[in-house]
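Everything on this sheet refers to the single structure shown next.
The values are calculated or read from the model by the stated rules, or taken from the named source; none is laboratory data. This structure is a prediction, so every number in the text was calculated from the model and none was measured. Cβ: placed from backbone, ideal geometry, glycine included. Neighbour counts: every protein chain shown. The accessibility values were calculated without ligands, DNA or RNA, using every heavy atom of the protein model including side chains. Shrake-Rupley method; radii C 1.70, N 1.55, O 1.52, S 1.80 Å.
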Amino acid sequence: MTLPRTATGPVPKKKRRGSRPSGGELLAAAVGAVPGGATRPGQQQMAEAIEQSIASGEHLLVQAGTGTGKSLAYLAPALTVDGPVVVSTATLALQSQLVDHDLPRLADAVEPLLGRRPTFAVLKGRHHYLCLARLDNSVEEEPADALFDAPRPGGGTGWLGEAGRLGKQVQRLRDWAEETVTGDRDELDPGVDDQVWRTVSMPARECVGAARCPFGQECFAEASRARAREADLVVTNHSLLAVDMLAGRHIVPPHRLLIVDEAHELADRVSSAAQAELVPELIDRSTRRARPLLRPELADRLTEAGDALAVGLVETPAGRLTTGLPPALREACTLLDGATRAALEAIGEVKADDPDPVRKQQAKAVLDELSTTAQRLLEEADHDVAWVEKPENGNRRALVVAPLSVAGTLADHLYDERTVVAASATLALGGRFDTVARSLGLEAPPPAPPSPAAAALAAATTAGRSEPSVTDRAATGTVPAAEGPGWRSLDVGSPFDYARQGILYVAAHLPRPSVSGLPEAAGEELLALVGALGGRTLGLFSSRRAAQQAAELLRARTDLPVLLQGEEALPLLVRRFRNERESCLFGVMSLWQGVDVPGDSCQLVVIDRLPFPRPDEPLAAARAAAVDAGGGSGFAAVSVPIAAVRLAQGVGRLIRATGDRGVVAVLDSRLETARGYGPFLRRSLPPFWYTTRPDVARGALERLAKS
């Protein structure tokens, strides 16, 4: 293979380090390179703990609150390891921050200490890169599928207009292929529609490999892997990390240290990677792709199976299949299993002298996936959950299967032959790491008995006084330094003074929420709070209906600009919210983690109700039922921890910088009145000054409005 192409030429080979500086020295250099920069105590503590884990091989769970500077805290000690070191993130926003800002700054700062500039690379799944083989075949193969599958636009351009628009995008991709260095979709500006990109990208399961592909020497995905093998630091994402684990760990380059940032998202991403589905449209596309390679009667069997699945999905209500596959879906899966097996046998093996090995491999890959999924559904294994999915918007129906738990998968595949550092601002739920540790496949340590000081602090909290800081809770034993087999945990707190910067107000006088949408009393409370501040409000709602009702209420009874998720692109809405000081931004779950608006544009965060999983969330319901069947409480073991993570993420939108001030208002009285889980949820939140008095919250907001 030729040397990988990069914007600056081939990636240089790494030199063996001699006298290596410590992680603390590298961190000090990185922080010192920032004007006015100073190492923060929590940041330094985290870096030292990671360096200890590197030396001992002990896995580490570390909670680092907003403002800690956790990225540099793990990147600096990572450079003490003979690379590559792999850093995995859950969101594109954090990945971009690392690649565009943190890593270049770190590389500049530590070059004098290391005697060379450390290198870094981004590793994504194959489908993120332009595939020259697919592009070469795109005229004769996929555009027809993509165009006829495309939804008719509302503007009335018609099918011919839509075909012309998509055809122009394909031509622009051909032009871009002649000039791009990386082939990375994220570098294509302006972008193209998803259905167009699918015609020129190659899912991993359909790739024939560089050795058998006529474009193997020029492959963008292979070049990205080559760069990753030569880099000191490799930035990837949880989804690809999950696929790597499930595929035998041959995608991500071998490494001694894995840093999982946003670790509270990892288990869900692994669940998604292990999930499979059957969709009639996919069977139809797979049949069209395989038809030239099959006898007509075999292709007709595939079509029959797809039709049977479509009928079964129409007849079956949406939701979890608690008593196994209904007869119509079982028949469809049986037909599909037999048809795909026969088709795979007829196509045979992909050989080097095949006239079109790429097309043959693509056909085999999708048929094999359909066959495997059908067999998995027919087995009805106890460790799997199956459900019918019918989204509210759109006609797409699917039969889905996913693992009941991925803790065993993580225990078997995440920790072997590497040290894992899992970091997040949300790991210690209820003041302990046990719950998250179990979800990540780590055996939780036995609970430590609370000290007398901890009991006194708990009594102070229930009396309505300010909650102690994270540091105080750790010192008194309510956040024990958890030790377990091969792992330990650490909470380094946050540099923010939450008790002085913010108020957590729980509207304990409101009725317990019972109906869907926004109850009238909660709406009146929302009006009073937003009116006291004069806008500057981020509203996080449990449903689209509640967000819509809240927006309609404020638009009808105030003159404030109200931005509603879904009415415009989310980045544009967030930009307007940041720039228009009196505006309000209302939305649902994607806002609970994705909004970062420091300053006085966001001084009130309103949460309409505790974010427990809905009863129709199949995986959460199945996991809770499994705990109940074992004699435990599924609500306490599953629903409450999910709500704790979501609530902590939402509350964390308020204080994003040392100068931020404001109020978090929770319009769900259960956070105060529920004796069992209320205190647990409050202990999972930053230690704001706590009150249930509406006059105190409104008074604080009125003072903020005048400042």
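On the chain, 52 percent of the accessible area sits on carbon and sulfur atoms, based on a 1.4 Å probe.
In this structure, the amide hydrogen of Ala398, modeled 1.01 Å from its nitrogen in the peptide plane, lies closer than 5 angstrom to those of Glu389, counting only residues at least 5 positions away or on a different chain.
Could you size up the charge dipole of the stretch 480-554 around its Cα centre, putting +1 on the beta carbon of Lys and Arg and -1 on that of Asp and Glu, and report it in debye to the nearest 20?
Here the size comes out at about 140 debye.
Normalising the average separation of contacting C-alpha pairs (under 8 angstrom, six or more residues apart) by the number of residues puts the relative contact order of the chain at 15 percent. Shape of the stretch 506-619 from its Cα gyration tensor (a ≥ b ≥ c, root eigenvalues): rounded if a/c is under 1.5, otherwise prolate when a/b > b/c, or oblate? Oblate. Note on Asp412 and Arg256: the extension gain reaches 54.5 nm, defined as 0.36 nm multiplied by sequence separation minus the Cα-Cα distance.
Label the stretch 291-353 by shape, choosing from rounded, prolate and oblate, from the square roots a ≥ b ≥ c of the eigenvalues of the Cα gyration tensor; if a/c is under 1.5 it is rounded, and otherwise prolate applies when a/b is larger than b/c, oblate when it is not. Please list the in-between numbers first.
Working: a/c = 3.40, a/b = 2.39, b/c = 1.42.
Taking the square roots of the gyration eigenvalues as a ≥ b ≥ c, the stretch 291-353 is prolate.
Over all orientations, the chain has a Cα convex hull whose mean projected area works out to 32.6 square nanometres.
Per residue, the chain exposes an accessible area of 44 Å² to a 1.4 Å probe, with every protein chain left in place.
To the nearest ten degrees, helix 103-114 and the longest principal axis of the Cα atoms of the chain are 80 degrees apart. Place +1 on the Cβ of every Lys and Arg and -1 on the Cβ of every Asp and Glu in the chain, take the dipole about the Cα centre, and give the residue among Pro598, Thr435, Thr673 whose Cα lies farthest towards its positive end. Sorting the options by dipole projection puts first Pro598.
Figure the gain on full extension for Arg165 and His127 (residue separation times 0.36 nm, minus the Cα-Cα span) and round it to one decimal in nm.
Going from the current span to full extension adds 11.5 nm.
Averaging 1/r over each pair of different alpha-carbon atoms in the stretch 562-622 and inverting the result gives 13.1 Å, the Kirkwood hydrodynamic radius. Our summary gives the stretch 532-649 a relative contact order of 30 percent, counting only alpha carbon pairs under 8 angstrom and 6 or more residues apart. For Asp384, the amide hydrogen comes within under 5 Å of the amide hydrogens of Leu404, counting only partners 5 or more places away or on other chains and with H modelled in the peptide plane. The stretch 70-111 and the stretch 648-707 have Cα centres lying 33 Å from one another. With helices as the sole contributors, the chain gives -13500 deg cm²/dmol at 222 nm; each DSSP H run of n ≥ 4 counts as -39500 (n - 2.57), and the sum is divided by every residue. The Stokes-Einstein estimate for the stretch 217-263, based on a Kirkwood radius over Cα pairs and taken at 37 °C with 0.692 mPa s viscosity, is a diffusion coefficient of 282 µm²/s. May I ask for the percentage of alpha-carbon pairs in the stretch 213-317 that lie more than 21 Å from each other? Pairs farther apart than 21 Å: 60 percent. The Glu567 and Arg174 beta-carbon pair, evaluated with R₀ = 45 Å, returns a calculated FRET efficiency of approximately 0.80.
To the nearest 0.05, what FRET efficiency results for Asp300 and Ala328 with a Förster distance of 30 Å applied to their C-beta separation?
0.90
Using the Karplus curve 6.51 cos²θ - 1.76 cosθ + 1.60 with θ = phi - 60°, what ³J(HN,Hα) values do you get for each residue of the stretch 60-76, in whole Hz, with x for Gly and Pro? Here the 3J(HN,Hα) series is 9, 9, 10, 9, 10, x, 3, x, 5, x, 5, 4, 5, 5, 9, 5, 5 Hz. Take every DSSP beta bridge whose two residues both sit in the chain; close to 25 percent of them are antiparallel. For the stretch 579-707, relative contact order (Cα pairs under 8 Å, six or more residues apart, normalised by length) works out to 29 percent.
Normalised size of the stretch 171-223, defined as Cα radius of gyration per 2.2 N^0.38 Å with N residues, equals 1.16.
Taking the Cα centre of the chain as origin and assigning +1 to Lys and Arg Cβ atoms and -1 to Asp and Glu Cβ atoms, the resulting dipole is close to 1580 debye. Computed from phi, the 3J(HN,Hα) profile of the stretch 315-331 under the Karplus parametrisation 6.51, -1.76, 1.60 (θ = phi - 60°) reads 6, 9, x, 5, x, 6, 8, 7, 10, x, 5, x, x, 5, 6, 5, 5 Hz, with x in place of Gly and Pro.
Taking amide hydrogens as placed 1.01 Å from N in the peptide plane, the amide H of Ala422 sits under 5 Å from those of Leu60, Leu61, Val62, Val260, each at least 5 positions away in sequence or on another chain. Between Ser543 and Asp353, the FRET efficiency from the beta-carbon distance, with R0 = 51 Å, is close to 0.35.
Sorted on the mean count of surrounding Cβ atoms within 10 Å across their residues, most packed first, peptides 496-506, 614-624 read 496-506, 614-624. Computed extension gain for Ala55 through Thr673, at 0.36 nm per residue and net of the alpha carbon distance, reaches 217.8 nm. Projected label points at Ala346 and His101, each 7 Å from Cα along the beta carbon direction, are separated by 5.6 nanometres.
Computed from Cα positions, the angle between helix 618-629 and the longest principal axis of the chain comes to roughly 70 degrees.
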